[in-house]
Structures are given as structure tokens and as C-alpha cells.
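What follows is a single structure, written as C-alpha cells, with notes after it.
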Amino acid sequence: MKRLTILFTLTLGILILFFTPIRTSAAQSGFAQTPTPTSDLRIESLKLEIESMRSEVDDSLRDYNWMMESTVLKISTIALAIGLIAGFIGIKTYREVDEKIKERITNTLEKELYRVDPTMKKIFVPSSLPEVNERLNLSHLRNIHVYEDLSKQNCDGITVVQIAEKSHEAQFLTFIEEYRKDLNPERVAFILYATGYRVDDKTITAFANTAVANMPVTVVSAILAVSRGITQ
């Protein structure tokens, strides 16, 4: 009887030791595999956030591609327009376009300089005033012409007229009356050069664009003054 009790006790202990880990492992395994409501909600939230981010990235990439395609299209259209215009006016390369533009700018500048730069104006000096001619050359006024008597050629540019006596005034007034129709104050100017002689006011005012000088250096100043009135 005592032996049966010991055997029963050992058997029961073995059974307890054998089955207890299995039940515990199963319980633990079941606990790990069974999701809770809180974890399910968190996973779904993360999925939604990822999908939202992916959608935003796709939209951004789509907008960027559209912007790039639009920019390329605009640049291509401008290049095509320039090419068509260049072809229409007979220019084959953009270098030729640049050269044409520079040429037109240069021509325009030269015309404007001729209008405002006194060194570009025609200046007529009487042969009896070599000292005035020399002074003008020293002032780098190169477009100088020497004349003997007032004539048709003096209906253009700036003319220095020597007034040393009354007869010189009369000759000048006669010339003004004879060529009145050809004398445009915007194209013609006169400088009355008088040293030691007082020129009559009527002679000075006989033509609008007229100045008076009494020394070679003041002739230069007078040229600068009257040239501003010459715009043609």
C-alpha cells in the first residue's frame, strides 16, 4: 500500500511537470497572436497616413512634371518664333541677328553724334583769318573748310564771317537776303568775328542762329553755342 502511494505520487508529479509548460506556452502563444483593439486602430491609422503621404508625393511629382513640360514648351515656342522672324528677314543665324542689331545701333549713334557733336559739323572759315583756323584745329574741330566769299555752300553748317568794317556788314546782309529761303536756323549758323569793331544790332539779329566773337578762342565757344541749335 505504501508503495502504491509513492508510485501514484511520482506519476502525478511527472504528469504535472509534463503538461504545465505546454499549457503555459500555449497561453503565451495565444496571447501574442491575439491582437487587441488598440493595436488594430494604430495599424489602420499608420496605413492611412502612409497612403496620404504617398498621394501627396504623387501629386507633387505630377505638378512638377507639368511645370517642366510647360516651361520646355514655352522655351521651344520662343525659339521657334525667333527662328521664323530671323528666316523671314533673311537672317540664318543668331550671330547674324546680333550683328544686324549692332549695325543699326552704330548707325543711329553716328547720326545722333553728328547732330550734337560740333566736331562733326562743317565749319567754314574765311581765308583772311588763318589764326582762327589754327585755333579751331587746336580744339580738334577737324571738319574745317576755307572759303573766299559767301556763297551757296555757306547755306549749310557753321560759317565764320569777318566783320572789320561797314562794308562787311553790308555784304553779310546782302547774302542773308539773297539766300533767305535756303537758310534754315536748324541747319545753318553764323559767327560774326569782329576785333575792335562794334557790329550793328540789326546785323546780329538778321539771322536767328548768329553769335559774335572777338578772339580766336571765343570763336570756339561761339561754335559750341550755335551748334546746339543745329539739329538737322
Next item on the list: Would you mention how many residues in segment 132-183 are part of a helix (DSSP H, G or I), over 20 Å from T195 (Cβ atoms) and of a type in the set (S, T, N, Q)?
Entry: 3
Notebook entry, point to check: Is there a residue being touching a helix residue (DSSP H, G or I) at 6+ places or on another chain (Cβ under 7 Å), surrounded by 20 or more Cβ atoms within 10 Å (Cβ to Cβ) and of a type in the set (F, W, Y) anywhere in segment 179-190?
Noted result: no
Check: Of all the residues that make up segment 125-136, how many are under 15 Å from V220 (Cβ atoms) and touching a Phe, Trp or Tyr at 6+ places or on another chain (Cβ under 8 Å)?
Finding: 3
Next item on the list: Assess whether L109 counts as being under 20 Å from G229 (Cβ atoms) and either loosely packed, with under 12 Cβ neighbours inside 10 Å or at pLDDT below 95 (or both).
Entry: no
Margin query: What pairs come out if I take residues in segment 195-224 that are on the phi < 0 side of the Ramachandran plot and part of a helix (DSSP H, G or I) and pair them with residues that are among the acidic types (D, E) and buried (at least 18 other Cβ atoms within 10 Å of the Cβ) whose C-beta lies under 9 Å away, six or more apart or interchain?
Written below: K202/E169; T203/E169
Margin query: Contact list please: Cβ distance under 8 Å, first residue in segment 174-185 and free of Cβ contacts under 8 Å to residues at least 60 places away in the same chain, second residue outside any helix (DSSP H, G or I) and among the hydrophobic types (A, V, I, L, M, F, W, C), pairs at least six apart or on different chains.
Written below: F175/L150; I176/L183; I176/A206; I176/F207; L183/F207; P185/F207; P185/A208
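The values are calculated or read from the model by the stated rules, or taken from the named source; none is laboratory data. Because the structure is predicted, anything quoted here is derived from the model rather than measured. We place every Cβ from the backbone using ideal geometry, glycine too, and count neighbours over all the protein chains shown.
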